[in-house]
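Quick note: the coordinates plus some simple rules give every number you see, no bench work behind them. Please read these numbers as outputs of a predicted model, since none were measured by experiment. We place every Cβ from the backbone using ideal geometry, glycine too, and count neighbours over all the protein chains shown.
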Amino acid sequence: MNRSERTVDVLIVGAGSAGLAAGAELAAAGAGRIEILEREQEAGGIPRHCHHGGFGGRFTRGGVNGPAYARQSVAAAVRAGAGLRTGVTVTGWAGPRTLETTGPGGLERITAGAVVLATGARESPRSARLVPGSRPPGVHTTGELQQAVHLYRHRIGTRAVVIGDEPVAHVAVDTLRAAGVHVVAVVTDRPAAPLRVRQRTPLLTGATVTGLTGRTRLSGVSLRHDDGRTTTLRCDTVVFTGDFVPDHELARRGGITLDPGTRGPAYDAAYRTSRPGVFAVGNLLHAVERAGVAADEGRAVAVSVLHRLSGTDEPSGGGRPLVVDAPLRWIAPNLTGPVGGRPLRDRFVLRTARRLSRPLLVVSQDGRELHRQRLLLPAVPGRPFHLAADWLERVDPHGSPVRITAL
């Protein structure tokens, strides 16, 4: 089968908030031929079907809704001179910075001076959560729900249960109500949820989903409570929210090292991955942050890409891994370096598996304490908190991994 081949200066995979911002910044900086590839037919990423407001608040008073933000992001990238192609899927690697694609024009092989992966994240579906029971229609993730309601105008159901206690559960509740669906309850297996659901919506904590019932249509969600009780909530729709996983398949196919905590590519403050000339940004790295954070990373990676194109970048691979002790889940970035490099806003992002009341974060290497920081607020599951980066100069570049512990 014939496959055309060509070369660009920078190839960006993914036209969500991070990829579009990277394309706009690089094109405006005169980085050469910038091309953004998007497998869906419309660019803009997740904000396209998020009809709540607050997007882009730093640049527009009060922010706009998701579709408007997506349109603005696309327009900014195209206006700056980046090429944007939709309906194009990257299927694999044919070299260190050569990607194979398929799209309306057929098969292609594209080689770039630098590759930026901005493939985003996805919510774990019911199957990945190992929820037993029948497999009737009426089971969604938040993203599937939003697309069904806002993009395709599908009829959803009449009674819904929302599973999860991350902020995205708010979005699911609002989307269901916009579709005229009664929300029976929001359910979480945590003993105390940080989420405050909308009025009139019961919040059931300490409850685990043990099964789904129904054949031609979902008829109920079975729960087991911490005190041993079992109940079944009658409903025809269930939405599994949160539990985001980086969409790392392309990175994994390329042999790029993944961080065991974030499950995205391991990376340093310059957004460099283990493959020279391949960068990663956005929610591929740390699912999941707001669109504005992803866009900020897209803009920030431009500096590192420009260094790569001009040959002034430092050799990659010399950073020390950053590892966390339980109950911390992960830290991002998760590698030190380059020399003098600092993470976005001069701080690292962390997540925890359980609630911590004003924890003391201690950074150490080879038994030597590098930094300690007391958080002023509790750290709660499902929400980011931050660690200052002013200890990086004290890291031994030849020492063991740097450990972050919560006391």
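Derived from the Cα gyration tensor, the three semi-axes of the equivalent ellipsoid of the stretch 344-406 are 22, 12, 10 Å, largest first. Taking packing as the residue-averaged number of other Cβ atoms within 10 angstrom, the listed peptides 372-385, 3-16 run from highest to lowest as 3-16, 372-385. Screening the chain for whole DSSP H helices with an alpha carbon extent of at least 24 angstrom along the helix axis and a mean Kyte-Doolittle hydropathy of at least -0.5 yields 291-310.
Note on the stretch 251-372: percent of Cα-Cα distances in each 5 Å bin, starting at 0 and stopping at the bin with the largest distance, equals 2, 10, 21, 23, 20, 13, 7, 3, 1, 0. Sequence-ordered 3J(HN,Hα) estimates for the stretch 273-281 from the Karplus curve with 6.51, -1.76 and 1.60 and θ = phi - 60° stand at 9, 6, 9, x, x, 10, 10, 9, 9 Hz, glycine and proline given as x. For the stretch 82-209, the Kirkwood estimate of hydrodynamic radius, built from reciprocal distances between every pair of different alpha carbons, is 17.8 Å. If R0 equals 56 Å, the separation of the Cβ atoms of R33 and R153 corresponds to a calculated FRET efficiency of about 0.90. Multiplying the residue separation of H307 and R347 by 0.36 nm and removing their Cα-Cα distance gives an extension gain of 12.2 nm. Multiplying the residue separation of T102 and E144 by 0.36 nm and subtracting their alpha-carbon distance yields 12.7 nm.
Here, the stretch 121-196 is characterised by an Rg to Rh ratio of 0.94, where Rg is the alpha-carbon radius of gyration and Rh the Kirkwood radius.
Only Cα pairs under 8 Å and 6+ residues apart enter the sum, and on that basis the relative contact order of the stretch 125-240 stands at 33 percent. Summarising the label geometry, the points placed 7 Å from Cα in the beta-carbon direction at H225 and D174 lie 3.1 nm from one another.
Look at the alpha carbon pairs under 8 Å that are at least 6 residues apart: their mean separation over the length of the chain gives a relative contact order of 15 percent. Centre-to-centre separation between the Cα atoms of the stretch 314-369 and those of the stretch 259-280: 14 Å. The simple Förster model, with R0 at 35 Å and r as the Cβ-Cβ distance, assigns R6 and N65 a FRET efficiency of 0.40.
With contacts taken as Cα pairs under 8 Å at a separation of at least 6 residues, the stretch 286-407 carries a relative contact order of 28 percent. In the stretch 1-154, the inverse of the mean reciprocal separation of distinct Cα atoms equals 17.0 Å; this is its Kirkwood hydrodynamic radius. Sequence-ordered 3J(HN,Hα) estimates for the stretch 145-161 from the Karplus curve with 6.51, -1.76 and 1.60 and θ = phi - 60° stand at 4, 4, 5, 4, 7, 8, 9, 10, 6, 7, 7, 8, x, 10, 9, 10, 10 Hz, glycine and proline given as x. What is the distance in Å between the Cα centroid of the stretch 1-52 and that of the stretch 380-407? A separation of 32 Å, based on Cα centres.
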